[in-house]
Structures are given as structure tokens and as C-alpha cells.
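The structure under discussion appears below in the form of C-alpha cells.
Read the figures in this text as sums done on the coordinates, not as results from a lab. Small disclaimer: the values here were computed from a predicted structure and weren't measured. Here Cβ is always computed from backbone atoms with ideal geometry, including for glycine, and neighbour counts include all displayed protein chains.
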Amino acid sequence: METKPVNVARVSNNWYLLTGLLIGLAVGLLVSLLLVPLTNAEALPAELDPAAKAEYRLMIARAYVAQPNNQRAESRLALLRDPDPAGALVTQAQELLAAGGAEEDARALAHLSAMLSIGALSAP
Amino acid sequence: MHPDVEERLNNLTLKTRRLIFFGITIAIGLAAGLAFGWLLAPPQAPDNAPLGQLRADFKADAVLMAAERFAAYPDPVAALRQLEGLADDPVSMMVSAMTEAEKIGYSAEDMALMKAMFAAIDENAVKEWRGGSDGN
């Protein structure tokens with residue numbers, strides 16, 4: 001009976017090692033990139049949770065009422081990457097009033113939204 | 001020993017050996033995959049982060065926003081309340097923020113606003129902000 005030469009037999013018998021390596025690599029990548037990925041410790045305003053974004057939006061509105069600077073307010077709002085910044089401000093103002101929040105804050109949000117809607121913030 | 005039994009024993013040993021090596025290569029592959037994902041790949045952007053996790057330069061701008069409001073409505077306790085979401089110790093955070101602002105190159109006017117607010121926040125303001133928790 002003919003048998004395979006020893007070297008060929010050894011190589012063909014060692015494919016399982018490569019298979020093991022690939023399986024381990026696939027599991028490692030799955031865990032480290034999808035299941036438990038490393039996340040940046042610091043966030044941009046657009047990466048904040050909804051409550052934090054609302055607080056940030058309120059800060060912008062309060063600052064604008066105190067020291068109206070159109071360019072500054074617009075660039076700050078842009079950081080939040082709201083699909084509808086004016087709408088988000090109005091919604092927040094309404095929610096604040098409904099929750100019994102400070103009228104002054106609701107007015108600040110509404111004022112900023114109004115300025116944004118009329119295009120005042122885009123003016124130089 | 002009977003040749004058949006001996007041959008079976010040899011095969012069992014070979015099988016066990018292969019299993020061990022297979023396990024070792026899985027472990028090596030796993031380590032390599034984890035190392036790539038956790039050490040080499042860039043970290044992912046956070047999602048739904050709290051305000052306190054804001055990047056340092058944006059915290060500096062938040063302090064500036066509080067300072068702009070303070071300039072018009074000088075209320076140190078209100079300023080502390082506005083900033084308390086950014087850090088457990090807003091006073092220390094203000095110092096870090098002003099250092100960051102200087103590093104970034106904020107204008108002299110903006111730095112003056114921040115410093116004026118910081119200077120106005122005294123022990124009484126901090127006590128009032130904390131709600132008089134020291135018992136006084």
C-alpha cells in the first residue's frame with residue numbers, strides 16, 4: 001500500500017493549527033470591535049445624551065440672551081448637529097414649561113429659536 | 001501489549017495532543033484579535049455621553065457661556081448651578097477650563113469674563129450652592 005511521504009503528511013495534518021488561529025482571531029476581533037469596543041473617554045457635543053444636549057442647548061440660549069453674538073451662537077448650536085436646531089429649541093422650551101421649569105429659560109430658548117428661524121444668526 | 005491496543009493508545013495520545021495545540025492556537029488568535037481591537041484600532045466615538053464627559057475644550061466654552069451670562073446677571077450661585085452638570089467640583093473644573101482656554105487662545109475679553117466670574121465665586125456662594133451641607 002502506498003503511503004504519503006512524511007513531509008506532506010505533516011503539512012496536511014497541521015492545517016488545524018491555522019484553523020484554530022483564525023477562529024481565535026475572529027472571536028477576538030468580534031469581542032474587541034463589536035461587543036466590547038474601546039470608546040473615547042471624551043465626547044463632542046453631538047455625542048451627548050438627550051438630557052445633556054438639552055442642558056448644553058440651554059447654556060447656549062442663556063449666553064445668547066446675556067450677550068447676543070449671532071456667529072458664536074450659530075457655531076455653538078451647529079456642534080450639536082441637530083437635524084432641526086430651531087425646532088429642537090422650541091420643543092425644549094415647550095417641554096420645559098410643561099415640566100414647570102423656569103419661564104426665563106423657556107423664553108431664552110424660544111428667543112434663540114426665533115432668531116435662528118428668521119436667519120438672524122446667519123447674518124454677519 | 002496487543003498491537004491493536006497499542007495502536008489505539010497512540011492514536012488517543014495524538015488526538016489529545018492535537019486538541020491541546022488547537023486550543024493554544026485559538027488562544028493565540030484570540031489574544032491577537034483582542035490586542036488589535038483594544039490597542040491598535042482607534043477608539044470609537046462615545047454615544048449618549050453625560051455632560052461631564054464633554055471634551056476639555058468644549059467644557060471651556062461651557063464655562064465661557066456661564067461667564068457671559070454672569071456678566072449680565074451676576075449670580076455666583078446660579079453660575080455654579082449651571083456648571084454643576086459638567087463636574088462634581090465646578091470650581092476646580094473652572095480652573096481647568098480657564099487653563100484650557102488660555103492654551104487654545106481665547107481672547108483677552110473672554111478670559112476676563114471667565115476670570116471675573118471665578119473671582120466672584122467665594123466660599124459663601126459655594127456653601128449656598130451646596131445647600132449649606134456643612135451644617136452652618
### Query
Given H placed on each backbone N at 1.01 Å, which residues far from A:Leu48 in sequence or on other chains put an amide H within less than 5 Å of it?
B:Ala49
### Task
Could you pull out every one of the lysines with an alpha carbon less than 16 Å from that of B:Lys115, ignoring same-chain neighbours closer than 8 positions?
B:Lys59, B:Lys103
### Task
Using a cut-off of 13 Å between beta-carbons, work out the net charge of the residues near B:Met98 (Lys and Arg +1, Asp and Glu -1, B:Met98 not included).
-2
### Query
B:Thr16 to A:Val31: FRET efficiency via 1/(1 + (r/R0)^6), r the Cβ-Cβ distance, R0 25 Å, to the nearest 0.05?
0.35
### Summary
Rh (Kirkwood, all Cα-Cα pairs) for chain A, Å, reads 18.8 Å
### Query
Based on the Cβ-Cβ distance of B:Ala119 and A:Leu97, what FRET efficiency does E = 1/(1 + (r/R0)^6) give at R0 = 51 Å, to the nearest 0.05?
0.90
#### Entry: Check: the protein assembly as shown dipole with +1 on Lys, Arg Cβ and -1 on Asp, Glu Cβ, in debye
1160 debye
### Task
Sort B:Lys127, B:Lys15 so the one with the fewest other Cβ atoms within 10 Å of its own Cβ comes first.
B:Lys15, B:Lys127
### Query
If you place +1 on the Cβ of every Lys and Arg and -1 on the Cβ of every Asp and Glu, how big does the dipole about the Cα centre of chain A come out, in debye to the nearest 20?
480 debye
### Diffusion constant of the protein assembly as shown at 25 °C, which comes from Stokes-Einstein with the Kirkwood Cα-pair radius and 0.890 mPa s, µm²/s
107 µm²/s
### Summary
Once Lys and Arg are counted +1 and Asp and Glu -1 for all other residues with Cβ under 14 Å from that of A:Ala106, the total becomes -1
### Query
Where in the stretch A:63-99 does the label zone of B:Ser107 land, with the point 7 angstrom along Cα→C-beta and an amide N cut-off under 20 Å?
A:63-79
### Message
Please report, ordered by residue number, every helix of chain B (full DSSP H runs) that is 15 Å or longer along its axis going by C-alpha atoms and whose mean Kyte-Doolittle hydropathy reaches -1.0.
### Response
B:3-35, B:56-72, B:90-104, B:108-120
## Note on the structure
The exposure ranking of B:Tyr73, B:Tyr106, A:Tyr56, fewest beta-carbon neighbours within 10 Å first, is B:Tyr73, B:Tyr106, A:Tyr56
#### Entry: Computed label-point distance, nm, for sites B:Arg81 and B:Leu40 using a 7 Å Cα→Cβ extension
5.3 nm
## Note on the structure
Listed by chain and number, the residues whose amide H is under 5 Å from that of B:Leu54, excluding neighbours fewer than 5 places away on the same chain and using placed H, are A:Ala43
### Task
Please work out the Kirkwood hydrodynamic radius for the stretch B:51-130, using every pair of different C-alpha atoms, and report it in angstroms with one decimal place.
12.2 Å
### Message
Taking the Kirkwood radius as the inverse of the mean 1/r across Cα pairs, report the Rg/Rh of the stretch B:1-77.
### Response
1.64
### Task
Could you tell me how many degrees, from 0 to 90 and to the nearest 10, lie between the Cα long axis of helix A:85-98 and the main elongation axis, the longest principal axis, of the Cα atoms of chain A?
70 degrees
### Task
Return the sequence-ordered ³J(HN,Hα) values of the stretch A:45-51 in whole Hz as given by the Karplus equation 6.51 cos²θ - 1.76 cosθ + 1.60 applied to θ = phi - 60°, using x for Gly and Pro.
x, 5, 9, 6, 6, x, 5
### Message
Rounded to the nearest 20 debye, what is the charge dipole size of chain B about its Cα centre when +1 sits on each Lys and Arg Cβ and -1 on each Asp and Glu Cβ?
### Response
760 debye
### Query
Can you work out the FRET efficiency for the pair B:Thr99 and A:Ser117, with r the C-beta to C-beta distance and R0 = 41 Å, to the nearest 0.05?
0.65
